[in-house]
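Reading through the structure tokens given below for one structure.
The values are calculated or read from the model by the stated rules, or taken from the named source; none is laboratory data. Because the structure is predicted, anything quoted here is derived from the model rather than measured. Every residue, glycine among them, receives a Cβ derived from its backbone with ideal geometry; neighbour counts consider all protein chains shown. Keep in mind that these areas ignore ligands, DNA and RNA; they rest on the heavy atoms of the full protein, side chains included. Shrake-Rupley method; radii C 1.70, N 1.55, O 1.52, S 1.80 Å.
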2 protein chains.
Amino acid sequence: MANRKVSNMLALAVLSLLNEKPMHPYEMSATMKQRGIPDVIKLNNGSLYSVVEALLKHGWVVPLETSREGKHPERTIYAPTDAGKAEFHDWLRELIYEPAKEYPHFPAALAFIGHVSPQETAGLLDQRIGFIRKNVAERRAGMDYAASQGLSRIFLIEAEFIVHQSEAELKWLLAFKEDIKNGRLTEQVNGETAWHMSVPPDEELLP
Amino acid sequence: MANRKVSNMLALAVLSLLNEKPMHPYEMSATMKQRGIPDVIKLNNGSLYSVVEALLKHGWVVPLETSREGKHPERTIYAPTDAGKAEFHDWLRELIYEPAKEYPHFPAALAFIGHVSPQETAGLLDQRIGFIRKNVAERRAGMDYAASQGLSRIFLIEAEFIVHQSEAELKWLLAFKEDIKNGRLTEQVNGETAWHMSVPPDEELLP
DNA sequence: TTTCGTATAGTCGACATGGACTATGTGATG
DNA sequence: CATCACATAGTCCATGTCGACTATACGAAA
């Protein structure tokens with residue numbers, strides 16, 4: 001993947017918004033909130049301003065004018081440069097066609113699940129299942145409401161994806177729990193149910 | 001979720017390794033690589049040393065001894081404290097039962113897909129599908145090899161999860177492509193196929 | 001025998017991140 | 001009618017992160 005000079009995903013959102021019309025950072029923030037962007041891109045004040053600063057430094061945006069309203073701090077309104085527009089289009093396409101190398105926490109934690117007993121693991125998985133079901137229900141409700149207001153499906157497509165992946169995770173969690181309960185991953189060690197943990201003698205695991 | 005004093009997942013791996021036996025950072029790094037940890041936790045030199053430093057500062061680990069081999073730099077061997085062991089167990093459990101709030105790139109990019117034409121999107125999705133199929137095949141091969149060497153399934157459980165989620169994504173990508181091709185998301189705008197993009201008049205999208 | 005790749009072991013510094021903070025105006029609430 | 005919460009607009013800075021770099025040793029290839 002190309003090494004983006006500004007890699008924070010907030011910058012993608014900023015470029016997208018400026019492609020619609022010039023804005024000052026605070027308006028970007030408000031617009032993003034209204035559109036639910038913070039559900040998929042971590043938004044916080046400090047990062048937004050420093051990301052805009054970075055975009056400026058690399059010539060993707062330029063200040064158009066600065067104004068002030070009453071005694072509020074001064075506002076700087078930014079517009080995208082041609083290079084900024086090109087960067088946006090190129091970056092967006094790359095994000096779609098090339099899977100990013102990411103490190104979600106859950107699979108990482110699974111790598112150490114041997115440190116938790118099978119019974120306790122089953123209980124923890126139950127709690128996770130509860131949380132995810134709740135998240136899915138909430139997201140579904142939000143989607144239904146937005147659709148009922150006349151918003152096209154294409155604007156909700158990222159929520160569709162997230163719900164789909166969450167449901168896949170639910171399926172996997174239930175199957176994993178079943179495998180624990182049915183003893184397909186465990187053995188009896190002096191009366192206790194423990195993970196079946198055999199390791200090749202030489203640890204020759206790198207083909 | 002509890003605010004971990006050291007939140008980098010590398011720290012979890014470090015604590016896990018030190019729970020087995022005291023080590024110096026370079027040995028941790030080598031052991032992690034041998035076990036395939038870098039597939040699920042981003043490992044890099046600089047981060048490892050600063051994470052160990054942070055663990056030390058917060059009292060999760062202590063230096064046991066420092067030694068040197070020839071003219072190589074000095075090595076500091078660390079051991080976990082009781083607090084460090086407790087932190088490890090608590091953190092690991094939390095990661096299992098509570099879904100983390102994460103921001104993967106793909107759904108974020110989907111939120112801006114309106115900026116790419118339906119036809120081009122279909123092409124990009126095809127490329128993504130190709131990449132993911134390749135990743136799945138490679139991971140499967142690695143799992144099969146490890147299993148053939150006698151490694152228990154529980155040590156491969158994170159790879160199982162990742163493959164499962166990747167296959168779910170593939171399914172979704174194919175369905176999305178179908179919806180584009182069948183015109184379930186598009187309309188004709190002066191001869192061109194474009195996304196159907198209606199927005200409620202008032203943008204009253206926050207219930 | 002020089003050079004190349006790789007293992008050993010760790011340091012450094014530029015940049016990114018995000019929580020906390022400043023300061024003002026305004027509508028609501030008790 | 002005081003104060004509380006929230007909107008407006010942005011700054012600051014302690015930490016965290018990670019690529020690049022240092023320096024030594026050693027076997028193999030050229």
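State whether one or more residues within region A:14-26 are away from every other protein chain (no Cβ under 14 Å), hydrophobic (A, V, I, L, M, F, W, C) and farther than 30 Å from A:V163 by Cα. The answer is yes, given that some residue of region A:14-26 is away from every other protein chain (no Cβ under 14 Å), hydrophobic (A, V, I, L, M, F, W, C) and farther than 30 Å from A:V163 by Cα. Per the conditions (1) within 12 Å of DNA strand C (Cβ to nearest atom); (2) touching a strand residue (DSSP E or B) at 6+ places or on another chain (Cβ under 6 Å); (3) over 27 Å from B:E102 (Cα atoms), the sole criterion not satisfied by A:L55 is (3).
Take B:T81 and decide whether it is more than 13 Å from DNA strand C (Cβ to nearest atom) and more than 9 Å from chain A (Cβ to nearest Cβ). Judged against the criteria, B:T81 is a match.
Cβ-Cβ contacts under 7 Å between residues 6 or more apart (or on different chains), taken from a first residue in region B:146-171 that is of a type in the set (V, I, T) to a second residue that is part of a loop (DSSP other than H, G, I, E, B), are listed as B:I154/A:L185; B:I154/A:H196; B:I154/A:M197. The listed residues are B:V61, B:V116, B:V40, and the only one of them that is in contact with a helix residue (DSSP H, G or I) (Cβ under 7 Å, 6 or more places away or on another chain) and either closer than 30 Å to A:Q34 by Cα or among the hydroxyl-bearing types (S, T, Y) (or both) turns out to be B:V116. Per the conditions (1) within 9 Å of chain B (Cβ to nearest Cβ); (2) open to solvent by 30 Å² or more (accessible area, probe 1.4 Å); (3) at pLDDT below 95, the sole criterion not satisfied by A:E98 is (3). Screening region B:26-144 for helices (runs of 4 or more DSSP H) wholly inside it with 1 or more residues that are within 23 Å of A:V116 (Cβ to Cβ) returns the ranges B:45-57, B:82-97. Of all residues in region B:36-63, those satisfying the criterion of being free of Cβ contacts under 8 Å to residues at least 24 places away in the same chain and either aromatic (F, W, Y) or within 14 Å of chain A (Cβ to nearest Cβ) (or both) are B:P38, B:N44.
Every residue, every condition in (1) surrounded by fewer than 15 Cβ atoms within 10 Å (Cβ to Cβ); (2) within 15 Å of the chain's Cα centre (by Cα); (3) basic (K, R); (4) facing chain A (nearest Cβ under 10 Å), yes or no:
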| site | (1), (2), (3), (4) |
| --- | --- |
| B:D126 | yes, no, no, yes |
| B:N135 | no, yes, no, yes |
| B:R140 | yes, no, yes, no |
| B:M143 | no, no, no, no |
| B:S148 | yes, no, no, yes |
| B:F161 | no, yes, no, yes |
| B:A168 | no, no, no, yes |
| B:K171 | yes, no, yes, yes |
| B:K177 | no, no, yes, no |
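Does A:A109 qualify as being free of Cβ contacts under 8 Å to residues at least 12 places away in the same chain and either within 7 Å of chain B (Cβ to nearest Cβ) or of a type in the set (D, E, K, R) (or both)? Working first, answer last.
Working: free of Cβ contacts under 8 Å to residues at least 12 places away in the same chain: yes; either within 7 Å of chain B (Cβ to nearest Cβ) or of a type in the set (D, E, K, R) (or both): yes.
So A:A109 fits the description; yes.
Looking at region B:188-195, is at least one residue part of a helix (DSSP H, G or I), touching a Ser or Thr at 6+ places or on another chain (Cβ under 9 Å) and facing chain A (nearest Cβ under 8 Å)? Checked against the condition, which is being part of a helix (DSSP H, G or I), touching a Ser or Thr at 6+ places or on another chain (Cβ under 9 Å) and facing chain A (nearest Cβ under 8 Å), region B:188-195 yields no hits at all.
Restricting the search to region A:22-42, which residues are open to solvent by 30 Å² or more (accessible area, probe 1.4 Å) and within 12 Å of DNA strand D (Cβ to nearest atom)?
At the first step, the residues of region A:22-42 found to be open to solvent by 30 Å² or more (accessible area, probe 1.4 Å) are A:22, A:26-27, A:30, A:33-35, A:38-39, A:42.
A:Y26, A:E27, A:A30, A:K33, A:Q34 - these are the residues of region A:22-42 that are open to solvent by 30 Å² or more (accessible area, probe 1.4 Å) and within 12 Å of DNA strand D (Cβ to nearest atom).
For region B:145-163, the set of residues classified as β-branched (V, I, T) and not in a helix (DSSP H, G or I) is empty.
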